[in-house]
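Participant: Please read through the structure below; I'll follow up with questions.
The values are calculated or read from the model by the stated rules, or taken from the named source; none is laboratory data. Computed from a predicted structure; not experimentally measured. Positions of Cβ are backbone-derived with ideal geometry, glycine not excepted, and every protein chain shown enters the neighbour counts.
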Amino acid sequence: MASKALSAPAFFTQREDGAFVGNDPARGPWSPDHCHAGPVAGLCARAAEVEVGPDKMLCRLTLDILRPVPLAGIRVAAETTRHTRTLATTRITVHDLNDGLCVQGTSMHLMRKDLGQVPSAPVTRLNRAEAEPGPFSIGAGLHDKPYFGQFLDVAYPPGFGLEPGPKTLWMRTPQLLEGEEQSPVQSLCALADCGNGISWNARPSEMGFMNTDLTLNVHREPRGDWLASESISHWHETGIGMSQSVLQDEAGPVATALQTLVLHPPKT
(Lines give C-alpha, C1' and ligand atoms only; values in the text may rest on other atoms or scores of the structure.)
Protein backbone atom coordinates (compact mmCIF):
# COMPACT_ATOMS: atom_id res chain seq x y z
CA MET A 1 0.00 0.00 0.00
CA ALA A 2 1.06 3.64 -0.36
CA SER A 3 -0.14 7.09 0.51
CA LYS A 4 -2.48 8.57 -2.07
CA ALA A 5 -0.90 11.46 -3.98
CA LEU A 6 -2.76 14.31 -5.59
CA SER A 7 -3.68 13.67 -9.21
CA ALA A 8 -0.42 14.53 -10.92
CA PRO A 9 0.38 16.05 -14.28
CA ALA A 10 3.89 15.51 -15.62
CA PHE A 11 6.70 17.47 -13.99
CA PHE A 12 7.20 19.58 -17.13
CA THR A 13 5.47 20.70 -20.31
CA GLN A 14 7.63 21.57 -23.34
CA ARG A 15 6.71 24.65 -25.32
CA GLU A 16 6.92 24.88 -29.11
CA ASP A 17 10.15 26.87 -28.80
CA GLY A 18 11.77 24.02 -26.85
CA ALA A 19 11.65 25.61 -23.38
CA PHE A 20 10.42 23.53 -20.44
CA VAL A 21 7.78 24.96 -18.08
CA GLY A 22 7.36 23.43 -14.64
CA ASN A 23 3.97 22.16 -13.52
CA ASP A 24 2.92 22.00 -9.85
CA PRO A 25 4.73 18.68 -9.15
CA ALA A 26 8.05 20.26 -10.19
CA ARG A 27 7.77 23.02 -7.57
CA GLY A 28 10.25 22.69 -4.69
CA PRO A 29 9.44 22.99 -0.97
CA TRP A 30 11.57 26.09 -0.36
CA SER A 31 10.10 28.61 -2.83
CA PRO A 32 6.79 28.83 -4.72
CA ASP A 33 8.56 30.08 -7.85
CA HIS A 34 11.37 27.54 -8.23
CA CYS A 35 11.81 23.90 -9.11
CA HIS A 36 12.74 20.93 -7.02
CA ALA A 37 16.13 19.88 -8.42
CA GLY A 38 15.07 16.23 -8.93
CA PRO A 39 12.79 16.85 -11.91
CA VAL A 40 15.41 19.23 -13.35
CA ALA A 41 17.98 16.44 -13.03
CA GLY A 42 15.59 14.27 -15.03
CA LEU A 43 15.62 16.81 -17.87
CA CYS A 44 19.43 16.86 -17.72
CA ALA A 45 19.56 13.06 -17.97
CA ARG A 46 17.12 13.22 -20.88
CA ALA A 47 19.26 15.75 -22.76
CA ALA A 48 22.40 13.66 -22.23
CA GLU A 49 20.70 10.42 -23.31
CA VAL A 50 19.32 12.03 -26.47
CA GLU A 51 22.76 13.47 -27.25
CA VAL A 52 24.65 10.18 -26.81
CA GLY A 53 22.05 7.72 -28.14
CA PRO A 54 20.63 4.42 -26.85
CA ASP A 55 23.66 2.15 -27.34
CA LYS A 56 25.35 3.47 -24.21
CA MET A 57 23.89 3.59 -20.69
CA LEU A 58 24.02 6.76 -18.61
CA CYS A 59 26.11 5.63 -15.62
CA ARG A 60 27.00 8.92 -13.94
CA LEU A 61 25.29 12.30 -13.79
CA THR A 62 26.95 15.13 -11.83
CA LEU A 63 25.17 18.48 -11.52
CA ASP A 64 26.17 21.74 -9.82
CA ILE A 65 23.12 23.77 -8.82
CA LEU A 66 24.33 27.34 -9.19
CA ARG A 67 21.09 29.23 -8.55
CA PRO A 68 17.38 28.48 -8.06
CA VAL A 69 15.75 27.06 -11.20
CA PRO A 70 12.58 28.95 -12.17
CA LEU A 71 9.31 27.14 -12.81
CA ALA A 72 8.43 29.75 -15.42
CA GLY A 73 10.77 28.30 -18.02
CA ILE A 74 14.21 26.79 -18.64
CA ARG A 75 16.31 25.59 -21.54
CA VAL A 76 18.34 22.39 -21.21
CA ALA A 77 21.22 21.44 -23.50
CA ALA A 78 23.86 18.71 -23.70
CA GLU A 79 26.91 18.55 -25.94
CA THR A 80 29.28 15.62 -26.45
CA THR A 81 32.78 16.13 -25.05
CA ARG A 82 34.11 12.64 -25.84
CA HIS A 83 32.68 9.65 -27.71
CA THR A 84 34.54 6.37 -28.20
CA ARG A 85 33.50 2.78 -28.73
CA THR A 86 33.43 2.21 -24.96
CA LEU A 87 32.30 5.49 -23.44
CA ALA A 88 30.84 8.89 -24.04
CA THR A 89 30.77 12.07 -21.96
CA THR A 90 28.66 15.22 -22.20
CA ARG A 91 28.54 18.71 -20.78
CA ILE A 92 25.06 19.78 -19.67
CA THR A 93 23.67 23.26 -19.02
CA VAL A 94 20.36 24.61 -17.75
CA HIS A 95 19.60 28.28 -18.45
CA ASP A 96 16.62 30.39 -17.47
CA LEU A 97 14.76 32.28 -20.18
CA ASN A 98 16.99 35.33 -19.63
CA ASP A 99 20.03 33.14 -20.43
CA GLY A 100 21.17 32.96 -16.80
CA LEU A 101 23.08 29.76 -16.04
CA CYS A 102 21.26 27.82 -13.31
CA VAL A 103 22.79 24.33 -13.49
CA GLN A 104 25.91 22.91 -15.10
CA GLY A 105 27.08 19.32 -15.13
CA THR A 106 28.54 16.32 -16.88
CA SER A 107 27.49 12.79 -17.72
CA MET A 108 29.30 9.49 -18.38
CA HIS A 109 27.82 6.78 -20.60
CA LEU A 110 29.18 3.24 -21.10
CA MET A 111 28.61 0.73 -23.90
CA ARG A 112 26.16 -2.03 -23.03
CA LYS A 113 27.48 -5.60 -23.36
CA ASP A 114 26.04 -9.10 -22.93
CA LEU A 115 28.43 -11.05 -20.68
CA GLY A 116 25.96 -13.66 -19.57
CA GLN A 117 26.38 -14.63 -15.90
CA VAL A 118 28.95 -12.64 -13.90
CA PRO A 119 29.90 -12.83 -10.19
CA SER A 120 27.95 -10.36 -8.09
CA ALA A 121 27.97 -9.20 -4.48
CA PRO A 122 25.15 -10.42 -2.23
CA VAL A 123 22.46 -7.78 -1.70
CA THR A 124 19.64 -7.18 0.74
CA ARG A 125 16.39 -6.55 -1.10
CA LEU A 126 13.66 -4.36 0.26
CA ASN A 127 10.18 -5.87 0.21
CA ARG A 128 7.68 -3.39 -1.14
CA ALA A 129 4.80 -5.78 -0.42
CA GLU A 130 5.36 -5.06 3.28
CA ALA A 131 5.52 -1.29 2.85
CA GLU A 132 3.05 0.91 4.70
CA PRO A 133 1.52 4.15 3.38
CA GLY A 134 2.81 7.43 4.72
CA PRO A 135 3.40 11.09 3.83
CA PHE A 136 6.53 12.36 2.12
CA SER A 137 9.06 12.64 4.92
CA ILE A 138 9.84 16.35 4.66
CA GLY A 139 6.21 17.26 5.38
CA ALA A 140 4.78 20.62 4.35
CA GLY A 141 6.67 23.06 2.18
CA LEU A 142 7.62 26.57 3.30
CA HIS A 143 4.85 28.09 1.16
CA ASP A 144 1.18 27.44 0.46
CA LYS A 145 1.44 26.39 -3.22
CA PRO A 146 1.13 22.74 -4.35
CA TYR A 147 4.61 21.24 -4.48
CA PHE A 148 6.63 18.12 -5.32
CA GLY A 149 5.96 16.18 -2.09
CA GLN A 150 2.18 16.29 -2.56
CA PHE A 151 2.26 14.49 -5.91
CA LEU A 152 4.16 11.36 -4.89
CA ASP A 153 2.96 7.91 -3.93
CA VAL A 154 5.00 7.02 -0.84
CA ALA A 155 5.37 3.88 1.28
CA TYR A 156 7.68 2.93 4.15
CA PRO A 157 9.01 -0.31 5.65
CA PRO A 158 6.88 -1.61 8.57
CA GLY A 159 7.08 0.43 11.76
CA PHE A 160 8.26 3.61 10.06
CA GLY A 161 8.48 6.90 11.91
CA LEU A 162 9.06 10.47 10.80
CA GLU A 163 11.58 11.36 13.49
CA PRO A 164 14.99 12.81 12.54
CA GLY A 165 17.69 10.46 11.25
CA PRO A 166 18.22 7.83 8.54
CA LYS A 167 15.12 6.66 6.70
CA THR A 168 14.05 4.33 3.94
CA LEU A 169 11.05 4.91 1.71
CA TRP A 170 9.49 3.75 -1.53
CA MET A 171 8.37 6.37 -4.01
CA ARG A 172 6.45 6.55 -7.28
CA THR A 173 6.72 9.88 -9.08
CA PRO A 174 4.87 11.59 -11.94
CA GLN A 175 6.18 11.32 -15.49
CA LEU A 176 9.00 13.68 -16.39
CA LEU A 177 7.56 15.25 -19.53
CA GLU A 178 3.99 15.58 -20.77
CA GLY A 179 3.32 13.22 -23.68
CA GLU A 180 6.58 11.29 -23.39
CA GLU A 181 7.58 8.12 -21.55
CA GLN A 182 10.66 8.60 -19.38
CA SER A 183 13.71 6.35 -19.56
CA PRO A 184 14.73 4.16 -16.58
CA VAL A 185 17.54 6.53 -15.56
CA GLN A 186 15.28 9.57 -15.93
CA SER A 187 12.84 7.87 -13.56
CA LEU A 188 15.58 7.69 -10.88
CA CYS A 189 16.45 11.36 -10.89
CA ALA A 190 13.61 12.79 -8.81
CA LEU A 191 14.22 10.21 -6.07
CA ALA A 192 18.00 10.71 -6.28
CA ASP A 193 17.62 14.35 -5.29
CA CYS A 194 15.41 13.53 -2.29
CA GLY A 195 18.07 12.17 0.07
CA ASN A 196 18.21 15.36 2.13
CA GLY A 197 14.40 15.47 2.26
CA ILE A 198 14.14 11.80 3.27
CA SER A 199 16.81 11.86 5.99
CA TRP A 200 17.05 15.14 7.91
CA ASN A 201 18.34 15.85 11.41
CA ALA A 202 15.94 18.72 12.21
CA ARG A 203 12.74 19.91 10.59
CA PRO A 204 12.85 22.61 7.88
CA SER A 205 11.34 25.11 10.32
CA GLU A 206 14.40 24.59 12.55
CA MET A 207 17.17 24.30 9.94
CA GLY A 208 17.44 24.72 6.19
CA PHE A 209 19.31 21.96 4.36
CA MET A 210 19.34 22.73 0.65
CA ASN A 211 21.67 20.81 -1.64
CA THR A 212 24.13 22.55 -3.95
CA ASP A 213 24.82 19.57 -6.19
CA LEU A 214 23.80 16.03 -7.09
CA THR A 215 25.91 13.07 -8.19
CA LEU A 216 24.04 9.99 -9.37
CA ASN A 217 25.99 6.79 -10.12
CA VAL A 218 23.92 4.09 -11.82
CA HIS A 219 25.20 0.51 -12.07
CA ARG A 220 21.95 -1.04 -13.32
CA GLU A 221 18.96 0.53 -15.03
CA PRO A 222 15.94 0.23 -12.72
CA ARG A 223 12.82 -1.72 -13.58
CA GLY A 224 9.32 -0.68 -12.59
CA ASP A 225 7.89 2.63 -11.45
CA TRP A 226 8.28 2.03 -7.69
CA LEU A 227 11.79 2.85 -6.44
CA ALA A 228 13.26 2.99 -2.94
CA SER A 229 15.88 5.13 -1.23
CA GLU A 230 17.87 4.30 1.91
CA SER A 231 19.17 7.70 2.98
CA ILE A 232 21.31 9.27 5.70
CA SER A 233 22.34 12.90 6.09
CA HIS A 234 25.44 14.15 7.91
CA TRP A 235 25.29 17.69 9.32
CA HIS A 236 28.16 19.66 10.89
CA GLU A 237 28.65 22.87 12.85
CA THR A 238 30.52 24.34 9.88
CA GLY A 239 27.19 24.71 8.06
CA ILE A 240 28.18 21.99 5.59
CA GLY A 241 26.56 18.59 5.25
CA MET A 242 26.16 15.61 2.94
CA SER A 243 23.36 13.23 2.09
CA GLN A 244 24.05 9.65 0.96
CA SER A 245 21.43 7.38 -0.60
CA VAL A 246 21.30 3.85 -1.99
CA LEU A 247 18.56 3.59 -4.61
CA GLN A 248 16.78 0.30 -5.31
CA ASP A 249 14.05 -1.33 -7.32
CA GLU A 250 12.32 -4.52 -6.21
CA ALA A 251 15.26 -6.66 -7.43
CA GLY A 252 17.87 -4.80 -5.37
CA PRO A 253 20.25 -1.81 -5.52
CA VAL A 254 20.65 0.08 -8.80
CA ALA A 255 22.43 3.34 -7.93
CA THR A 256 23.88 5.68 -5.33
CA ALA A 257 23.23 9.40 -4.92
CA LEU A 258 25.28 12.04 -3.12
CA GLN A 259 24.32 15.63 -2.30
CA THR A 260 26.44 18.38 -0.74
CA LEU A 261 24.29 20.37 1.69
CA VAL A 262 24.39 23.96 2.86
CA LEU A 263 22.84 24.35 6.33
CA HIS A 264 21.27 27.60 7.48
CA PRO A 265 19.11 28.50 10.50
CA PRO A 266 15.69 29.98 9.74
CA LYS A 267 15.47 33.75 9.41
CA THR A 268 14.17 35.48 12.51
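Participant: Restricting the search to the stretch 80-126, which residues are β-branched (Val, Ile, Thr) and closer than 15 Å to Ala41 by Cα? Walk me through how you get there before you give the answer.
Facilitator: Pass one, the stretch 80-126, residues β-branched (Val, Ile, Thr): 80-81, 84, 86, 89-90, 92-94, 103, 106, 118, 123-124.
Thr90, Ile92, Thr93, Val94, Val103, Thr106 - these are the residues of the stretch 80-126 that are β-branched (Val, Ile, Thr) and closer than 15 Å to Ala41 by Cα.
Participant: Same structure, new question: Restricting to the stretch 56-70, give me the number of residues that are surrounded by fewer than 17 Cβ atoms within 10 Å (Cβ to Cβ) and in a loop (DSSP other than H, G, I, E, B).
Facilitator: 3
Participant: Let me spell it out: the conditions are (1) assigned to a loop (DSSP other than H, G, I, E, B); (2) more than 30 Å from Arg15 (Cα to Cα), and Arg223 meets all of them except one. Which number is the exception?
Facilitator: Of the numbered conditions (1) assigned to a loop (DSSP other than H, G, I, E, B); (2) more than 30 Å from Arg15 (Cα to Cα), the odd one out for Arg223 is (2).
Participant: Against the conditions (1) part of a loop (DSSP other than H, G, I, E, B); (2) under 17 Å from the mean Cα position of the chain (by Cα); (3) of a type outside the set (Val, Ile, Thr), where does Leu162 fall short? Just the number, please.
Facilitator: (2)
Participant: Quick check on Ala48: is it part of a helix (DSSP H, G or I) and among the hydrophobic types (A, V, I, L, M, F, W, C)?
Facilitator: Yes; evaluated as a whole, the condition is true for this residue.
Participant: What's the number of the only condition in (1) more than 23 Å from Pro253 (Cα to Cα); (2) touching a Leu at 6+ places or on another chain (Cβ under 8 Å); (3) crowded, with 21+ Cβ neighbours inside 10 Å; (4) not polar (S, T, N, Q) that Tyr156 fails to meet?
Facilitator: (1)
Participant: Here's another thing I want to ask about it. Within the stretch 165-189, track down each residue that is surrounded by fewer than 22 Cβ atoms within 10 Å (Cβ to Cβ) and part of a helix (DSSP H, G or I).
Facilitator: Pro184
Participant: Exactly one of these conditions fails for His109: (1) surrounded by 14 or more Cβ atoms within 10 Å (Cβ to Cβ); (2) at pLDDT 95 or above; (3) under 24 Å from Ser183 (Cα atoms); (4) out of contact with any helix residue (DSSP H, G or I) (no Cβ under 6 Å at 6 or more places or on another chain). Give me its number.
Facilitator: (4)
Residue by residue, here is whether (1) within 28 Å of Arg60 (Cβ to Cβ); (2) free of Cβ contacts under 8 Å to residues at least 24 places away in the same chain; (3) assigned to a loop (DSSP other than H, G, I, E, B); (4) touching a strand residue (DSSP E or B) at 6+ places or on another chain (Cβ under 9 Å) holds:
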{"site": "Pro135", "(1), (2), (3), (4)": "no, no, yes, yes"}
{"site": "Gly139", "(1), (2), (3), (4)": "no, no, yes, no"}
{"site": "Lys145", "(1), (2), (3), (4)": "no, no, yes, yes"}
{"site": "Gly149", "(1), (2), (3), (4)": "yes, no, no, no"}
{"site": "Val154", "(1), (2), (3), (4)": "yes, no, no, yes"}
{"site": "Leu191", "(1), (2), (3), (4)": "yes, no, no, yes"}
{"site": "Asn196", "(1), (2), (3), (4)": "yes, no, no, yes"}
{"site": "Ala202", "(1), (2), (3), (4)": "no, no, yes, yes"}
{"site": "Glu206", "(1), (2), (3), (4)": "no, no, yes, no"}
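Participant: Separate question: Quick one: which of Ala8, Ala48, Ala26 is out of contact with any His (no Cβ under 8 Å at 6 or more places or on another chain) and in contact (Cβ under 8 Å) with a residue 24 or more places away in the chain?
Facilitator: Testing whether each residue is out of contact with any His (no Cβ under 8 Å at 6 or more places or on another chain) and in contact (Cβ under 8 Å) with a residue 24 or more places away in the chain leaves just Ala8.
Participant: State all residues of the stretch 71-96 that are surrounded by 14 or more Cβ atoms within 10 Å (Cβ to Cβ) and in contact (Cβ under 8 Å) with a residue 40 or more places away in the chain; if no residue qualifies, say none.
Facilitator: Leu71, Gly73, Ile74, Arg75, Val76, Thr90, Ile92, Val94
Participant: Failed condition for Gly224, given (1) over 23 Å from Ile92 (Cα atoms); (2) surrounded by 14 or more Cβ atoms within 10 Å (Cβ to Cβ); (3) of a type outside the set (A, V, I, L, M, F, W, C); (4) out of contact with any Leu (no Cβ under 7 Å at 6 or more places or on another chain), with all others met?
Facilitator: Just one mismatch for Gly224, condition (2).
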